[in-house]
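The values are calculated or read from the model by the stated rules, or taken from the named source; none is laboratory data. Please read these numbers as outputs of a predicted model, since none were measured by experiment. Using ideal geometry, Cβ is built from the backbone for each residue, glycine included, and neighbour counts are taken over all protein chains shown.
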Amino acid sequence: MIKEIREARRSAGWSQKALAGRIGVDAQAIKRLENGVGSVPNLLAVMAELNFCLTGLGPGKTLPEQLRARRQKRDLSVNAIASRTSLSRATIASLERGGGSVASLLRLLAVLAPRARRRAPERSYWGQVDRENRDSRFTPTDFLANIYAAFGEIDVDPCGSVLSPVIAHRRILLSEGGDGLVDDWAGRVAFVNPPYSELIKWLRRAHDQWRAGKVETVVCLVPVRTDSAWFHDTLSADADIYLLQGRVKFLDPGGKSQHTPFSLMVLGLGVTVEQKARYAELVPGYWLARRAGTKHAVQAN
Ligand SMILES: C[S@@+](CC[C@H](N)C(=O)[O-])C[C@H]1O[C@@H](n2cnc3c(N)ncnc32)[C@H](O)[C@@H]1O
């Protein structure tokens, strides 16, 4: 589990320091956690930030709930599991309430659910193709025409491709040594149809660049995937979401139209009321109302 947490952090593109900053601890705490040392509350904060869940335990929204459900499913009393793990009853009770140490948690997991594993991160499914192929789906020209008409000229495509029809003043191209996850997205409007195999990483990048004021408006074309805690806790407070009616037919590297086996949405950051209205006139679908109670709800609607 600990090794998988390190992998999840790396695949989110964060250093130990960056992750530490996000959950308000020092980098040493993350380093220690990745060596199996530290507190369960810190571990739970890291798991939430990485959208990291375990399967092979019992049902539950949190790891402590899952631990308790698993023990009960196996019909084990606190006493029984305490003696099997050589942990005290107080330690078991504390772990089931989200306290205790990572070392105790690992010992409990080894006995209670030795096959518990990371739940595979959800991804939209293009079919049985390799990742390179799966991520090389280009935005079709007719779809782009409505983007230009509603949001204006595109200044930057941070995940561009020489094969893509996107017209942008600047494209960040991997093939030319660029990296949209590192380079600044400077400009007024960014259009982002990212590699969906790394969707959250790109949405986080979009949000970070927009919040940092590098780019005024970000328009993303992404699958309707709203399951992560980060989406609900952070992104949804700032994003305007347009649910598209019908499917977008992307272009493959040969320029052929591809069926897309999932629904898509346009996710905007910093879009104006006028831009939203214009887009809705042009494209079938509708803008979701911002969630009541989010910090920018009044300003956005
Ligand atoms: C789904 S395609 C979209 C291309 C184009 N933005 C469009 O809308 O047609 C995603 C592209 O992102 C590129 N890409 C992947 N990782 C990248 C990175 N770190 N920086 C810049 N581009 C990247 C891939 O090469 C791929 O061509």
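Considering segment 149-160, the residues that are within 27 Å of Ala18 (Cβ to Cβ) and crowded, with 20+ Cβ neighbours inside 10 Å include one that is nearest to the ligand (Cβ to nearest atom), namely Cys159. Among residues of segment 66-93 being within 30 Å of the chain's Cα centre (by Cα) and free of Cβ contacts under 8 Å to residues at least 24 places away in the same chain, the one that is farthest from Val25 (Cα to Cα) is Ala69.
Please note which helices (runs of 4 or more DSSP H) are completely contained in segment 95-204 and include at least 2 residues that are under 23 Å from Glu216 (Cα atoms) and at pLDDT 95 or above.
141-151
I'm trying to understand the selection: among the residues of segment 161-182, which are touching a residue at least 24 places away in the same chain (Cβ under 8 Å) and either out of contact with any helix residue (DSSP H, G or I) (no Cβ under 8 Å at 6 or more places or on another chain) or near the ligand (Cβ under 6 Å from one of its atoms) (or both)? The answer is Ser161, Leu163, Ser164, Val166, Gly180, Leu181.
The listed residues are Leu282, Leu251, and the only one of them that is within 16 Å of the ligand (Cβ to nearest atom) and either charged (D, E, K, R) or modelled with pLDDT of 90 or more (or both) turns out to be Leu251.
Pairing each residue of segment 260-276 that is in contact (Cβ under 8 Å) with a residue 40 or more places away in the chain with any residue that is polar (S, T, N, Q), provided the two are 6+ apart or on different chains, yields C-beta distances under 6 Å for Phe262/Ser124; Gly270/Thr217; Val271/Thr217.
Yes/no matrix, rows are residues, columns are (1) among the basic types (Lys, Arg); (2) surrounded by fewer than 17 Cβ atoms within 10 Å (Cβ to Cβ):
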site	(1), (2)
Trp14	no, no
Lys17	yes, yes
Ala20	no, no
Asn51	no, no
Ile92	no, no
Ala103	no, yes
